[in-house]
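J.: Dumping the structure here so I can ask a few things about it.
The values are calculated or read from the model by the stated rules, or taken from the named source; none is laboratory data. Values in this document were obtained by computation on a predicted structure and should not be read as measured data. Virtual Cβ from ideal backbone geometry, glycine too; neighbours counted across all protein chains shown. The area values use the complete protein model at the heavy-atom level, side chains included, leaving out ligands, DNA and RNA. Shrake-Rupley method; radii C 1.70, N 1.55, O 1.52, S 1.80 Å.
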Amino acid sequence: MNRRPKMQRFPLKAFQAKFPDDATCLEWLKNHLYPDGIHCENCKRVTKHHRVVSRPSYSCDNCGHHVHPTAGTIFHKSPTPLTTWFYAIYLMSATRCGISAKQIERETGVTYKTAWRMFKQIRSMLAENEPIGGKGRGVEMDEAYFGGRRKNGGGRRLRTDKGEQYKTVVVGMAERKGRIVATVAPDAKSATLLTTAREFVLPKSTVFTDEYQCYDGMSRMTENYQHKRINHSEKVYVVGDIHTNTVEGFWSLVKNGLRGVYHSVGHHYLQTYLNEYTFRYNRRFDTQPMFLSFIKQVRKNAATQPASPTAEETAVPF
Ligand SMILES: [Zn+2]
């Protein structure tokens, strides 16, 4: 039997023991951001630094110049303690379904608005746009419709633009046994789908789609894709290796997660939620705890503070 090394478990108690206070979190952040030591601007070399007791900063032993590890990161100028930030990241990493701002509000006492901002900031670190596939590799491609309600219910997906404008189109591409890319698209027209493939699927990949006519041009693209199609409308879902079960499974995961936990997501924020789900999915075979995969995304020059939640945040039911 083919056994993969399993991801290390990281129970809440172990997390709390490793990050008991703000000083420990700051020390971790400093070591993460300056793995080779802190290069002092004044001394023009890597020097020893010591923790400044009264501030979240470190000071050069030589000249006293201060360095703030949180500067330029998502933690920059946040009044929320680092321990709460780390806990929010822990929660987001530890659950398949994601965690709502309500839950962190209950558990840490920060306001809903603050919690919402924190999650948005954390998601902003998770974007990945590396292309997938390549020669001899299979990539499933499928589009899905998010938001609003399907008027006809059940059964087939609605393909036309009529009455569908209120839904957001998401294009998903999943490499078999590999990574997934999911991106919000303006529509599900042929030009859009083929351009998206060009952006994220490497040349010479074998691309599996369903019978939707807007994928028709796939095999004629200069990327030399090999195009294989499954005919869903004839109730044939798997013929040999021709299926889109991987990407469809991912849609279920995201839709169930958003329905169960977030209740609703504004169109403008859908991409960041997709980033969260793909980030976790793409690390499902990692051996390090998921928390470390998340926290190691912290970088300098992160996005600035996002806007407050708007009415739209609660406007689009899944
Ligand atoms: Zn110095």
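J.: When the range 53-86 is examined, which residues are found to be within 16 Å of the ligand (Cβ to nearest atom), farther than 30 Å from MET290 by Cα and open to solvent by 20 Å² or more (accessible area, probe 1.4 Å)?
T.: Correct list: ASP61, ASN62, CYS63, GLY64, HIS65, HIS66.
J.: For the range 7-14, check the following and say yes or no: at least one residue is in a loop (DSSP other than H, G, I, E, B), in contact (Cβ under 8 Å) with a residue 60 or more places away in the chain and either within 16 Å of the ligand (Cβ to nearest atom) or among the hydrophobic types (A, V, I, L, M, F, W, C) (or both).
T.: Here is the first cut: in the range 7-14, the ones in a loop (DSSP other than H, G, I, E, B) are 7-11.
With in contact (Cβ under 8 Å) with a residue 60 or more places away in the chain added as a condition, the list becomes 7-10.
Restricting the remaining residues to those that are either within 16 Å of the ligand (Cβ to nearest atom) or among the hydrophobic types (A, V, I, L, M, F, W, C) (or both) gives 7, 10.
Yes.
J.: For the range 105-117, name all the residues that are within 19 Å of LYS18 (Cβ to Cβ) and surrounded by 16 or more Cβ atoms within 10 Å (Cβ to Cβ).
T.: Of all residues in the range 105-117, those within 19 Å of LYS18 (Cβ to Cβ) come to 107-108.
Within the range 105-117, THR108 is the sole residue that qualifies.
J.: Select from the range 222-231 the residues that are assigned to a loop (DSSP other than H, G, I, E, B) and open to solvent by less than 90 Å² (accessible area, probe 1.4 Å) and write down the one among them that is farthest from HIS243 (Cα to Cα). Explain how you work it out, then say what you get.
T.: Quick first cut of the range 222-231, residues assigned to a loop (DSSP other than H, G, I, E, B) only: 222-225, 231.
After this cut, where a residue has to be open to solvent by less than 90 Å² (accessible area, probe 1.4 Å) as well, the list is 223, 225, 231.
Numbers: GLU223: 21, TYR225: 16, ASN231: 9 Å.
Only one residue fits best here, namely GLU223.
J.: Something else now. Filter the range 201-221 down to residues that are under 18 Å from THR244 (Cβ atoms), modelled with pLDDT of 95 or more and part of a strand (DSSP E or B), then give me how many there are.
T.: Summing the residues that are under 18 Å from THR244 (Cβ atoms), modelled with pLDDT of 95 or more and part of a strand (DSSP E or B) in the range 201-221 gives 5.
J.: On to the next question. State which residue is modelled with the lowest pLDDT when the search covers only the range 232-263 and only residues that are of a type in the set (S, T, N, Q) and open to solvent by 20 Å² or more (accessible area, probe 1.4 Å). Break it down stepwise before answering.
T.: Just the residues of the range 232-263 that are of a type in the set (S, T, N, Q), to begin with: 233, 244-246, 252, 256.
Next, only the ones that are open to solvent by 20 Å² or more (accessible area, probe 1.4 Å) stay: 233, 245-246, 252, 256.
Numbers: SER233: 68, ASN245: 92, THR246: 94, SER252: 93, ASN256: 85.
Across the range 232-263, the extreme among qualifying residues is SER233.
J.: Look through the range 87-99, keep the residues that are under 15 Å from the mean Cα position of the chain (by Cα) and of a type in the set (Ser, Thr, Tyr), and return whichever of them is surrounded by the fewest Cβ atoms within 10 Å (Cβ to Cβ).
T.: THR95
J.: If you don't mind, there's one more thing I want to ask. What's the total number of residues in the range 32-44 that are within 16 Å of the ligand (Cβ to nearest atom) and surrounded by fewer than 16 Cβ atoms within 10 Å (Cβ to Cβ)? Explain how you work it out, then say what you get.
T.: Kept after step one, since they are within 16 Å of the ligand (Cβ to nearest atom), are these residues of the range 32-44: 34, 36-44.
After this cut, where a residue has to be surrounded by fewer than 16 Cβ atoms within 10 Å (Cβ to Cβ) as well, the list is 34, 36-37, 39, 41-44.
Summing the residues that are within 16 Å of the ligand (Cβ to nearest atom) and surrounded by fewer than 16 Cβ atoms within 10 Å (Cβ to Cβ) in the range 32-44 gives 8.
J.: Let me ask something additional. In the set THR47, THR24, which member is farther than 22 Å from GLN297 by Cα and either among the β-branched types (Val, Ile, Thr) or away from the ligand (no atom under 16 Å from the Cβ) (or both)? Give the derivation first.
T.: Numbers: THR24 fails: farther than 22 Å from GLN297 by Cα.
Within the list THR47, THR24, the selection yields THR47.
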